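Participant: Got a structure for you, questions after.
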2 protein chains.
Amino acid sequence: MEPIYYSFVFSIISLIGLAVTALLFLKIKNIKKDSNKRASHIADLIKLGAMTFLRKEYSILAVAIVAAFFLLTMVSNIYGGIAYIVGATFSMLAGYIGMISATEANLATTLAAKEKGERSAFLVALLGGSVMGFVVASLGLLGLGGLFYFFYGSTSADFVQIITCFGIGASSIALFARVGGGIYTKAADVGADLVGKVEMNIPEDDPRNPAVIADNVGDCVGDTAGMGADIFESYVGSVIAAMVLAVEKYAGQVQYVTFPIMLAAIGLISSILCLGFLFTYKGNLAAMLHGSTYVAIILFLLGTYGYMGYVGIDMSIFGSVFLGALAGVIIGLITDHYTSKGPIEKLAQASESGAATNIIYGLSLGFESIVGSIWAISAIIYISFQYFGELYGVSIAAAAMLATVGITMTVDAYGPIADNAGGISEMAGFGPEVRKITDKLDSLGNTTAALGKGFAIGSAALTALAMFAAYAEKANISSLDLTDPLVIAGMFIGGSMPFWFSSMTMRSVGNAAWKMVMEVRRQFKEIPGLMEGKAEPDYQKCIEISTTSALYEMILPGVVTVAAPVIIRFGFGASGPVALGGFLAGSTLAGVLLALTMANSGGAWDNAKKYIEAGHHGGKGSPAHKAAVVGDTVGDPFKDTSGPSLNILIKLTSILSLFLASM
Amino acid sequence: MEPIYYSFVFSIISLIGLAVTALLFLKIKNIKKDSNKRASHIADLIKLGAMTFLRKEYSILAVAIVAAFFLLTMVSNIYGGIAYIVGATFSMLAGYIGMISATEANLATTLAAKEKGERSAFLVALLGGSVMGFVVASLGLLGLGGLFYFFYGSTSADFVQIITCFGIGASSIALFARVGGGIYTKAADVGADLVGKVEMNIPEDDPRNPAVIADNVGDCVGDTAGMGADIFESYVGSVIAAMVLAVEKYAGQVQYVTFPIMLAAIGLISSILCLGFLFTYKGNLAAMLHGSTYVAIILFLLGTYGYMGYVGIDMSIFGSVFLGALAGVIIGLITDHYTSKGPIEKLAQASESGAATNIIYGLSLGFESIVGSIWAISAIIYISFQYFGELYGVSIAAAAMLATVGITMTVDAYGPIADNAGGISEMAGFGPEVRKITDKLDSLGNTTAALGKGFAIGSAALTALAMFAAYAEKANISSLDLTDPLVIAGMFIGGSMPFWFSSMTMRSVGNAAWKMVMEVRRQFKEIPGLMEGKAEPDYQKCIEISTTSALYEMILPGVVTVAAPVIIRFGFGASGPVALGGFLAGSTLAGVLLALTMANSGGAWDNAKKYIEAGHHGGKGSPAHKAAVVGDTVGDPFKDTSGPSLNILIKLTSILSLFLASM
C-alpha cells in the first residue's frame, strides 16, 4: 500500500474513535444530576477544585511549553517545535476531557446508586471511565497518524526527529501531571487521614474533615488526569520507538513503519467493539469488568493476524505481538497476586505485632513481587529478539501491550470514579445502603486496577528498552560495552537517578502533607461547632494548600529529570553518547525495579488495611488496624506518587536521549 | 625482585601481624575479670550463647565446605579444593578469634568503666576490637602470600583458578555468617524491644527481659563475627581481583602481580604503627578514634609511594591508590552526614506526625544518600581507568581502600564492645554512672562505624566491578554489548536478585522475631514474679530460638545466591557467558543501590531515635519517640541483616562467575 492509504485508514479510525468519545462524553454530561442538592453542592466543590488545579498547572506548564518550543525549534527545526506542542497539547487535552467526564460521572454514579441500584451505577461509572480510555486512544492515533501523513518521506525534515519531539511533548507533560497530581492527592489524603481518622476518630470521607474535598479533588487530578497523561505517553512512546527502529531497519518498506500505528488502530477498533459488548451484556458485573480486557485482547490479536497476512508483514513478528499482549496480563496477574488473598492475609497477620513488622513484611512483599515480573519482561525481550524480529520485535511487543488502551484505561479510570462516588455519598449523608453499593463497585475495580498497573509498568520497561535500542542506533554507537568503565560509570549514575527522584517526590508528599495536617488541626481547634457538625469547615483553604504545594514541589524533580541526560551527554564531551548509553541502561533498570516495588508494596499495604477493616484481626480500631494504617500511609506516596512517576521518568529519559542522539 | 623475595616479605609481615594479634589477644585475655560475680555470670551466659551458635553454625557449614571441596576438586583440581578450604577456614578462624576476644572485652570494659573510669574502659574496648582488626589483616595476608608462594608460576595448576577458589571459600562463609548472624541478632533485638520496651515498658537491657541475653549474644555473632567474615572476604576479594587482572595484563612482571598483596602488607604495617600511637597517645578520646583512620591512611600512602618508586611500578598507578583510600573516607563521610546532625534532626521532627511520616522521611533519606556515594564510585572508576592504569587501576583502588583494614576494623569492632559493655553493666545493676561512661564510649564509635560502613560498601562495589572486568577477560568475551538483548535480559534478571535476596532475609528476621515475641510474651505471662524481678527468666530458651531460626533461615538465601550464576551460565547454553555478564552488571548495580539505601536509612532511623531519647521532641515515651521506635525497628534488618548481606551477595556472585569463566 502507498503511504497515503495508511494515512487515510488512520484518520478514519481516529475520527471514529473521537466520535465515539464525543458520544460517550455527551451521554455522561446529559444524565440528570440535580436530584439532590447536597450531593450536587459537594460535586461542584470537587469539580471546581479540580478545574482550578488543572488551570493553574496548565498555566505553569504553558510557560515551559513555549520555552521548550523555542529551544526545540532552535536545535531541531520548526516542525520539531510544532510536533512538541501537539504532543504536549494532546496530553493535556486527554487529561482535561477525561477529568471533566470523571467529575460528572462521580456525581451521576452516586445518584444512580441511590436511585436506581447497583447495575445502573456500575454502568454510569464505566461510562465515565470510557471517556478517558477513548480520548487517550483516539488522540494518540490522531497525532501519530497526522505526523505520519505530514512528515513521512518528506525531504524538508527528519521524520525520526519530529516524532521524537511529539513524544517529548507527551512525556514532559505526563511527568509534571503525574508528579503534581500525585503530590496533590497524597498530601490531601495523608493530611485528611492523619488528623481525621487517627487523631479525631471520625470516619473516612466525613464532611466535617476540612481536607475531605481536597482529598476527593486529589483523586480526580492524580488518579484520573495524571494517569491519563501517563498512559497517553506510554501509548505514543511505544509506537514511536517501534517506528524509529523500523525506519532504520525496513527503509522503504512502509508497512513496517506504519505497523505500530496500525496496532494502535486495530486496538482502538477492538476496544470499541468490546465497549459495545460491555454496554449490552446483561451478566455478572465482575465478569464484565474482568472479561472485557481479555475480549479486547483476543479481538485485537485476531485483527492483527488478519492484517499482517493481508499486507504481507513477516508473520514471525506476530509472535512479538502475542507475547506483548500476554505479558501485560501476566505482569498484571502477578501484581494482583501480591496485592490480594494469601500475601495480604499474611501481611495483615504481621500487623498484629505492630507497625514495624507490617512495614518490614510489606516491603519484603514488594521486593519479592518484582522477581516474577522482571523475569517475564526479560523472557519477552529475549524471545522477541531471538525469534521474532530482533529489536523491532521487542518494540512491537511494547506497542501491542498498549494497543487495547481504550478498554484497559476505561476499566482503570472506572475505579477512582466508583471510589469518589462513595466519598460523595458519604459526605451527602446518603446512608449505609448507598455506601455499600459504591464500596462493592470500588472493590470490583481492584483486580482490573492491578492489571492496569501491570500494563503501565511492563510497557514502560519495554518501551524504554526499545527507545534504548533506537538510541544506540541513532547515536551511531556500534557497541555499548559493559567492560568499558565509561559505560559502567554512566550506568551507576543512571541507577542513582530513580532513587534521587523518589527521594524528592516522597519528601514533597511529606512536606505538603505536613502543611495539610497543621491546617486541619487548626480548623478543628479554631472553628467552633465543627466537630459537632454544626459548622462547615473551610474546604477551600485545604484545596489551596494542596494546589500550591503540588505545583511548587513538582518543579525540582521535573527539572532534574529533564536536565540529567543533557548534562551527561555534553558533560562527558566526545564520550558523551557512550556515557549516556550506560546512564540510560542504569536508570531504566533501577527505575523499573523501584517502580514495581513501590507499586506492589503500596497496593499490598492498602489492601491489608481494607482486609482488617473487613473485620479480621480485630477489625477497625484494633492494634492490628492501627499498624495497618501506618503501612497504608507509607504506601500512599509509594503507589500513587513516586512509583507511577518513575514509569514516566524512565521513558522521558529515554526519549530525550533519543532526541539528543538524532540531533 | 624474584618471586621468592616477595614471598619472603609477605610471610615476615604476616607473621609480625599474627604475633601482634597474639599479643593483643593475650593482653585482653589476661585482664582480671572476676571482681563482680553478677557481671561475670552474665558475661559467661553471653559467651556461652555465642560459642554455641558459632559451633552449630560451623558444623552446618562444615558439611557444605566438604561438599564444595569435592565439587571444586572435580571441576577444577585438588589445589583449587585446598585453596577453597583454606579460604573458608581462615574466614571462620578470623570470626572465631575476633569473637572470643570481643566477649572477653565486653566484660573487661564494663569492669574498667566501673572501677577505673572512662579512659581505661576506652582502651580495653579498643584492645578488644584490635584483635579482630589484626587477625583479619594478618590471616588475609598470610593466605594470599602463601598461595602466591606455592602456586605462582607453577605449571601444575592455574594460578588464577586457585586464588579464585580461595576467594570463594572466604565469600561463601562470609555470606552465611552475615545472613545467619544478622538474623540472629535482629530476631533477638526486635523480639526484646517489641515486648520489653513497647509492651511491658521496661528499659533496654533490663535483666527481667527473657530475650536480653540473646540480644547481647546477637551483637557478638552478628556485629562482630559476621562483620569480621564480611571484611575478611572484601579484603582478600579486592586483592584477588587485582591479581587476576595483573596476571593477564602484566604477564611476567611480577611486581604488578604482587602489588595488590604488597598494598595489604604496607597497610598492615601502617596499622601496627598507628595502633602503637593509639595506645601511647594521651589526648582526647574522640580525636584518637577519629584520627587513627586518617593516620593509618597517610602512613599507608607514604609507604606505598616509596615502595612503588623502589621496585619501579608505573607511578601513575599511585593515582588509583590515592583515589581508593580517599573514596573510602568520602563515602564514609557521606554515610556519616546522612546518619547524624541535620538529616537526623529533620527525621526526628517528622516523627512528630507519626510512624508513617517517620518511615517515609527515613526512606527518602536513604534514597537520597546514595546519590553522592554512587557518584563518587563512578568518578573513581572513570578516573582510575582513564588516567591511572585502566581496569587494573580500578581494582587497585579497591585494594587500597581496604589495605588499612587492621585499623578501620579495630575501630569498627570497638563499637559493639562498648555497646555490649553497656548492656552488661545494666544487667548487673551497676547504676547510671557506669552506664553513662559506656554510653559515651558507644556514641564515640558512631562516626567511625559510619566510616567503616563506607569502606565496606565502597570496596564491595569496586571489588565487584574489578571482578566483573576480570570475568569478561577470563570468559574471553570481547564485548558485553548493552544493545544485545541477551545482555539486557541477563541484566534485568541480575537486578532482581538483590531484591529477592533482601525479601528473603527481611522476612526471615520477621519470622524469627515473631517466634521470639511469642516466647517472651509467654515467659512474662507464665513465670511468676518475673516482672517484679523476683524470678530469673529462661534466657536459654530465647537463645535457642534465635540460634535455630538463624541457622534454618540462612540456608535458602545462601543457596539461591550460589545457584543463580551457575544456572544462568549453563541455562543459556552457548550464550551463557554473555548472559552471565549482563547478570553480573545488573546484580552489582541493584545490590550497591539497595545496600547503600538500607544501611543509611537504617542508620538514620537508629540515630533519630537516640536523638529523641536524648530529650528532644518530648524525649522517651513521647508520641515522637514511639514513632521513632517503629522506624528503628524497621531499620534493624535494613542496616544489620539485609543491607550488609548484599555487600557479600554482589562479591560472591562476581567471584563465582569469575571461577565459572576460568574453568
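Participant: For A:592-599, what's the mean count of beta carbons from other chains sitting within 10 Å of each residue's beta carbon?
Facilitator: Numbers: counts 3, 10, 6, 0, 2, 4, 0, 0.
Per-residue shielding by partner chains comes out at 3.
Participant: On the first, second and third principal axes, largest extent first, how far apart are the outermost C-alpha atoms of chain A in Å?
Facilitator: 72, 54, 47
Participant: Could you work out the mean count of beta carbons from other protein chains within 10 Å of each residue's beta carbon in B:382-393?
Facilitator: On the way: counts 10, 2, 1, 5, 4, 0, 0, 0, 1, 3, 0, 1.
The per-residue average across the peptide is 2.
Participant: Could you give the length gained on full extension between residue A:525 and residue A:4, defined as 0.36 nm per residue of separation minus the Cα-Cα distance, in nm? Kindly include the intermediate steps, with their values, before the conclusion.
Facilitator: Working: separation 521, 0.36 × 521 = 187.56 nm, distance 6.78 nm.
Extra length available between residue A:525 and residue A:4 comes to 180.8 nm.
Participant: Taking the alpha-carbon centroid of each part, what is the distance from segment B:18-62 to segment A:130-148 in angstrom?
Facilitator: 72 Å
Participant: Let me ask something else about it. Based on C-alpha coordinates, I'd like the Rg and Dmax of the protein assembly as shown, in Å.
Facilitator: Calculated on Cα positions, Rg and Dmax stand at 31.4, 98 Å.
Participant: Starting from the Cα of residue B:314, step 7 Å along the direction of its Cβ; do the same at residue A:620; then give the gap between the two resulting points in nm.
Facilitator: According to this spin-label approximation, the distance is 7.2 nm.
Participant: So, one more: Efficiency by 1/(1 + (r/R0)^6): what FRET value for residue A:563 and residue A:52, r their Cβ-Cβ distance, R0 = 30 Å, to the nearest 0.05?
Facilitator: On the way: r = 29 Å, r/R0 = 0.98.
It comes to 0.55.
Participant: Any chance you could run the full-extension gain for residue A:555 through residue A:116? It's 0.36 nm times the residue separation minus the Cα-Cα distance, nm to one decimal.
Facilitator: 153.6 nm
Participant: Taking a cut-off of 26 Å between Cα atoms, list the lysines near residue A:651, but don't count ones fewer than 8 places away on the same chain.
Facilitator: A:56, A:186, A:249, A:453, A:474, A:639
Participant: Another one. Per DSSP helix of 4 or more residues, -39500 (n - 2.57); summed, then divided by the residues of chain B. What does that give at 222 nm, rounded to the nearest 500?
Facilitator: -29500 deg cm²/dmol
Participant: Only Cα pairs under 8 Å and at least 6 apart count here; give the relative contact order of segment A:571-663 as a rounded whole percent.
Facilitator: It rounds to 38 percent for segment A:571-663.
Participant: To the nearest whole number, what is the average tally of beta carbon atoms from other chains within 10 Å of the beta carbons of peptide A:623-630?
Facilitator: Per residue, the average neighbour count from other chains is 2.
Participant: To the nearest 10 degrees, how steeply does helix B:341-351 sit against the main Cα axis of chain B, on a 0 to 90 scale?
Facilitator: 50 degrees
Participant: Can you find, among B:100, B:41, B:3, the residue farthest towards the positive end of the dipole of segment B:1-115? Put +1 on the C-beta of Lys and Arg, -1 on that of Asp and Glu.
Facilitator: Projecting each Cα onto the dipole axis, the largest value belongs to B:41.
Participant: Placing +1 at every Lys and Arg Cβ and -1 at every Asp and Glu Cβ, with all other atoms neutral, what dipole size does segment B:532-624 have around its Cα centre, in debye to the nearest 20?
Facilitator: 300 debye
Participant: To make sure I understand the rule: partners must be aspartates and glutamates, Cα under 13 Å from the Cα of residue B:341, and not fewer than 8 residues away in the same chain. Which ones qualify?
Facilitator: Partners within reach: B:606.
Participant: Just want to confirm a number: the relative contact order over segment B:113-237, from Cα pairs under 8 angstrom separated by 6+ residues, in percent.
Facilitator: This gives 33 percent for segment B:113-237.
Participant: Continuing with the same structure: As a test of reading the structure, rank A:136, A:578 by solvent-accessible area (1.4 Å probe, protein chains only), most first.
Facilitator: A:578, A:136
Participant: Given an 8 Å cut-off on Cα distances and at least 6 residues of separation, report the relative contact order of chain B as a percent.
Facilitator: Rounded, it is 22 percent for chain B.
Participant: In degrees, nearest 10, range 0 to 90: what is the angle between the Cα axis of helix A:390-403 and the longest Cα principal axis of chain A?
Facilitator: Its long axis makes an angle of about 30 degrees.
Participant: Compute the distance in nm between two label points, each set 7 Å from the Cα along the Cα-to-Cβ direction, one at residue A:387 and one at residue B:251.
Facilitator: 4.2 nm
Participant: Further question on the same structure: Straight-line reach only, C-alpha to C-alpha below 22 angstrom: list the lysines that residue B:37 could link to, leaving out same-chain residues fewer than 8 apart.
Facilitator: B:27, B:29, B:47, B:114, B:116, B:436, B:534
Participant: Taking one equal scatterer on every alpha-carbon of segment A:479-565, how large is log10 of I(q)/I(0) by Debye at q = 0.13 1/Å?
Facilitator: Here log10 of I(q) over I(0) equals -0.61.
Participant: What's the Kirkwood radius of segment B:349-449 in Å, using all Cα pairs?
Facilitator: Computed over Cα pairs of segment B:349-449, the Kirkwood hydrodynamic radius comes out at 17.4 Å.
Participant: Let me ask something else about it. Of B:475, B:322, B:348, which is farthest along the charge dipole of chain B in the positive direction, counting Lys and Arg as +1 and Asp and Glu as -1 at C-beta?
Facilitator: Farthest towards the positive end: B:348.
Participant: Report the net charge of residues surrounding residue B:477, where surrounding means a beta-carbon distance below 14 angstrom and charges are Lys +1, Arg +1, Asp -1, Glu -1. Walk me through the numbers on the way to the answer.
Facilitator: Details: positive: B:474, B:569; negative: A:481, A:484, B:248, B:473, B:481, B:484.
Net charge around residue B:477: -4.
Participant: Further question on the same structure: Which value, in Å to one decimal place, does the Kirkwood hydrodynamic radius take for segment A:1-76 when every pair of different Cα atoms is included?
Facilitator: Its Kirkwood hydrodynamic radius stands at 17.0 Å.
Participant: Then there's this: If you place +1 on the Cβ of every Lys and Arg and -1 on the Cβ of every Asp and Glu, how big does the dipole about the Cα centre of segment B:281-371 come out, in debye to the nearest 20?
Facilitator: 220 debye
Participant: Then there's this: How about segment A:490-594: which trypsin sites (Lys or Arg not before Pro) there lie in a loop by DSSP and see at most 16 other Cβ atoms within 10 Å? Write down the numbers at each step before the final one.
Facilitator: On the way: sites: A:507, A:515, A:521, A:522, A:525, A:534, A:541, A:569; in loops: A:534.
Filter output for segment A:490-594: A:534.
Participant: Roughly speaking, what is the centre-to-centre gap between segment B:386-411 and segment B:159-228 when only Cα atoms are used, to the nearest Å?
Facilitator: Measuring centre to centre over Cα atoms gives 28 Å.
Participant: While we're here: Rounded to the nearest 10 Å², what accessible area does residue A:433 have for a 1.4 Å probe in the complete protein model?
Facilitator: Approximately 130 Å² of residue A:433 is accessible to the 1.4 Å probe.
Participant: For the interface of B with A, what's the total buried accessible surface in square angstrom, probe 1.4 angstrom, rounded to the nearest hundred? Please list the in-between numbers first.
Facilitator: Details: alone 23140 and 23140 Å², together 40000 Å².
Its buried surface, counting both partners, is about 6300 Å².
Participant: Sticking with this structure for a sec: At a Förster radius of 51 Å, what calculated FRET efficiency corresponds to the Cβ-Cβ distance of residue A:150 and residue A:199, to the nearest 0.05?
Facilitator: Numbers: r = 58 Å, r/R0 = 1.14.
FRET efficiency, residue A:150 to residue A:199: 0.30.
Participant: Could you check how much of the accessible area of the protein assembly as shown is carbon and sulfur, as a whole percent, using a 1.4 Å probe?
Facilitator: 64 percent
Participant: Obtain the nm distance between the two label points defined at residue B:44 and residue B:341 by a simple spin-label model: each point lies 7 Å from its Cα along the Cα-to-C-beta direction.
Facilitator: 4.8 nm
Participant: Compute, for the protein assembly as shown, the length of the dipole vector about the Cα centre, with Cβ point charges of +1 (Lys, Arg) and -1 (Asp, Glu) only. Units Debye, rounded to 20.
Facilitator: 1000 debye
The values are calculated or read from the model by the stated rules, or taken from the named source; none is laboratory data. All values reported here derive from a predicted model rather than from experimental measurement. Cβ atoms come from the backbone with ideal geometry, glycine included; neighbour counts cover every protein chain shown. To get the accessible areas, we keep the full protein, side chains included, count just its heavy atoms, and leave off ligands, DNA and RNA. Shrake-Rupley method; radii C 1.70, N 1.55, O 1.52, S 1.80 Å.
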